[in-house]
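The values are calculated or read from the model by the stated rules, or taken from the named source; none is laboratory data. Everything numeric in this text was worked out from a predicted model, so none of it was measured. Every residue, glycine as well, gets a Cβ built from its backbone with ideal geometry; the counts of neighbours run over all protein chains shown.
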Amino acid sequence: MENTNEPEQQEEGENTPLVRVSHLHIDFSRQRVLSDINLSVARGETVAVIGESGCGKTVLLKSMIGLLPPTSGSVEFDGQDLRQLKEREMANQRTRIGFVFQQAALFDSMTVGQNVAFPLRQHRSLSPHEMKQLVLARLAEVGLPDSIIFKKPAELSGGMRKRVGLARALILSPELMLYDEPTTGLDPIMSDVINQLIMRTRQRDHVTSVVVTHDMRTARTVADRVVMLYPYSRLRPGESQILFDGPPDAIDQCDDRRVRQFVDGQAGDRLMEMRELSET
Amino acid sequence: MATHTETISDEPASKLRWLEDWVAGWGAAAIQCVVSVGDITLFTFRTFAWMFTRWPRREAVLANFNQVGVLSLPVVAVTGTFIGMVLAVQSYSQFKMLGMESRLGAVINMTLIRELGPVLAATMLAGRVGSAMAAELGTMRVTEQIDALDIMGANPIHYLVAPRFLACLLLIPTLTIMADFMGVFGGYFYSVTILGIDRHHFWYNSQQFVGHWDLFSGVFKSFFFGAVIGMVGCYRGFNCSPGAEGVGRAATASFVYSFVLILFLDLVLNILIETAHNSLWPDANPVF
């Protein structure tokens, strides 16, 4: 009986979303940032979370890895509620997740090589030679030469730092990649390089990805699905904070004026507000 | 168009709004104070828990010992020397009026070893070490490096705080002994070379009046001062507000809080040490 159930359970496990956010509320002090967010990310899917600055995109991303605890609601990774995990279990789950920070967050007291090798030192027992080979391989995948391993992060350009951050996030071959504004502050060519790296990572390693961005080009290039968040403080009562959830092509046909304004990069209501403020 | 306000709840308008605001302000400050005390207590417990369950990495310990201990040596030595010399300058005229200038060694060394050496060395280290820790950890917080550590499965308290705290706890007493030694040397140098005090009397009176208990009490206090400097510096850095302003505030707050706590602890510990001394040796004669 148990044997016959096993394949079904396995199939069920594969069909369940890798990340499930349910009724998530996050407050900072008395300020609500996220309200009743429901979002599932299927295995292998790439979801772009878009929205204007301050709408809670990064907060949502950090809650997915347990860095920001929910005020209420839950965040599940592979069926496990992150709030229920003990410190060691959480550390183990996090080895399955890679996180690329907006400003790369490289340790400036370490060299590039030490930065990329850091997760290996924490979680794998490898010889220095094996570690170095893995580090060089990951750096090569993001298009960086071997000679870079002895440099300090301060000596690198923004694009190089982002790529080192990507190499570090990928070093443990994670199942889920979380990208926080991966192309912010980069020139158009480097932005495209990063977009291509995100796509290549997904195709080669079948990684599930969540990309937080306000760059529509990135969202259209890398995502299977786009989710648009709107600042809670600007919502009408009873409205969902997620204004759009669908494929990238459908966002242009969205009826919501606020979504169109964001996609087209129009100031719209903000300009009116600025005028009103300057008049008062 | 109706929209949500920035805060969750709207406070009702009232004629006594100013009173409400005043009470609310004090209430918020009291809550914040309790929360901060609870927070730093938990932070301290977590640091001790990590120190006793898993020893910090050797490289991290050595790097922090170098930063706190070795690199502080010159400035502690200079501070100690000048304290000793200033004490000689200040005490000489008064003691000369009483015809007791030969006892200058006793007063300089007693004051130095029991009080000024530990407190001034700790104050100086709160500025050099505590503020630097707060600024460094604050920058790491602001640039998300602490979040990155957490995400990569390295507990930030174990990785960043435990070695810094350990370095402060163990090396600040050592630096205090160094400051005492240099202070004694500075006082001796000024008294004997500049003021012409007899060398034999200087040392004889020092030996007569300064005992092991005095050295013990100074070094004992410096363990607490070291713990305060390490904990406050790390806590302020960890809880740094965003931006360059936040880092600056963390560094300043680290020094101010450490300084106040050092003075407060100095008072409390002096009372305890005196009580202990009087209980152990009730018949002991007063120093002068």
Task: Complete set of residues in region A:15-31 that are among the charged types (D, E, K, R), within 14 Å of another protein chain (Cβ to nearest Cβ) and under 21 Å from the mean Cα position of the chain (by Cα) - done: A:27
Task: region A:90-134: number of residues that are within 11 Å of chain B (Cβ to nearest Cβ), over 27 Å from residue A:64 (Cα atoms) and hydrophobic (A, V, I, L, M, F, W, C) - done: 1
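Yes/no per residue for (1) in contact with a His (Cβ under 7 Å, 6 or more places away or on another chain); (2) buried (at least 18 other Cβ atoms within 10 Å of the Cβ); (3) touching a residue at least 40 places away in the same chain (Cβ under 8 Å):
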residue: B:19; (1), (2), (3): no, no, no
residue: B:49; (1), (2), (3): no, no, no
residue: B:55; (1), (2), (3): no, no, no
residue: B:61; (1), (2), (3): no, no, yes
residue: B:74; (1), (2), (3): no, no, no
residue: B:80; (1), (2), (3): no, yes, yes
TODO: Scan region A:55-72 for residues that are more than 15 Å from residue A:229 (Cβ to Cβ) and in contact with an Asp or Glu (Cβ under 8 Å, 6 or more places away or on another chain) and jot them down.
DONE: A:67, A:71
- [ ] Kindly state which helices (runs of 4 or more DSSP H) lie completely within region B:47-162 and contain at least 3 residues that are within 14 Å of chain A (Cβ to nearest Cβ).
- [x] B:58-65, B:131-142, B:145-151
TODO: Any chance you could count how many residues in region A:91-134 are of a type in the set (Val, Ile, Thr) and crowded, with 19+ Cβ neighbours inside 10 Å?
DONE: 4
Open item on the list: What's the number of the only condition in (1) closer than 20 Å to residue A:104 by Cβ; (2) in the same structural domain as residue A:260 (by TED's automatic domain parsing) that residue A:223 fails to meet?
Closed with: (1)
Open item on the list: What pairs come out if I take residues in region A:219-242 that are closer than 21 Å to residue A:28 by Cβ and pair them with residues that are part of a helix (DSSP H, G or I) whose C-beta lies under 6 Å away, six or more apart or interchain?
Closed with: A:229/A:57; A:241/A:232
Open item on the list: Given the options A:79, A:66, A:54, A:73, name the one that is surrounded by fewer than 19 Cβ atoms within 10 Å (Cβ to Cβ) and within 14 Å of chain B (Cβ to nearest Cβ).
Closed with: A:54
Open item on the list: Among the residues that make up region A:141-148, is at least one of them part of a loop (DSSP other than H, G, I, E, B), over 22 Å from the mean Cα position of the chain (by Cα) and either assigned by TED's automatic domain parsing to the domain that holds residue A:71 or of a type in the set (Phe, Trp, Tyr) (or both)?
Closed with: no
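Quick grid of which residues meet (1) within 26 Å of residue B:267 (Cα to Cα); (2) at pLDDT 90 or above; (3) crowded, with 24+ Cβ neighbours inside 10 Å:
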site: B:119; (1), (2), (3): yes, yes, no
site: B:127; (1), (2), (3): yes, yes, no
site: B:138; (1), (2), (3): no, yes, yes
site: B:143; (1), (2), (3): no, yes, no
site: B:153; (1), (2), (3): no, no, no
site: B:166; (1), (2), (3): yes, yes, no
site: B:172; (1), (2), (3): yes, yes, yes
site: B:189; (1), (2), (3): no, yes, no
site: B:193; (1), (2), (3): no, yes, no
Open item on the list: All but one of (1) closer than 17 Å to residue B:157 by Cα; (2) modelled with pLDDT of 90 or more; (3) of a type in the set (Ser, Thr, Tyr) hold for residue B:53; state the number of the condition that does not hold.
Closed with: (2)
Open item on the list: Take the conditions touching a residue at least 60 places away in the same chain (Cβ under 8 Å), assigned to a loop (DSSP other than H, G, I, E, B) and within 14 Å of chain B (Cβ to nearest Cβ) and apply them to residue A:166. Does it pass?
Closed with: no
- [ ] Could you please find all residues in region B:229-263 being touching a residue at least 40 places away in the same chain (Cβ under 8 Å) and β-branched (Val, Ile, Thr)?
- [x] B:229, B:232, B:247, B:252, B:262
- [ ] Out of B:220, B:259, B:255, B:216, report the one residue that is touching a Gly at 6+ places or on another chain (Cβ under 7 Å) and surrounded by fewer than 24 Cβ atoms within 10 Å (Cβ to Cβ).
- [x] B:255
TODO: Sort through A:225, A:270, A:258 and tell me the only one that's out of contact with any strand residue (DSSP E or B) (no Cβ under 8 Å at 6 or more places or on another chain), over 15 Å from residue A:100 (Cα atoms) and among the charged types (D, E, K, R).
DONE: A:270
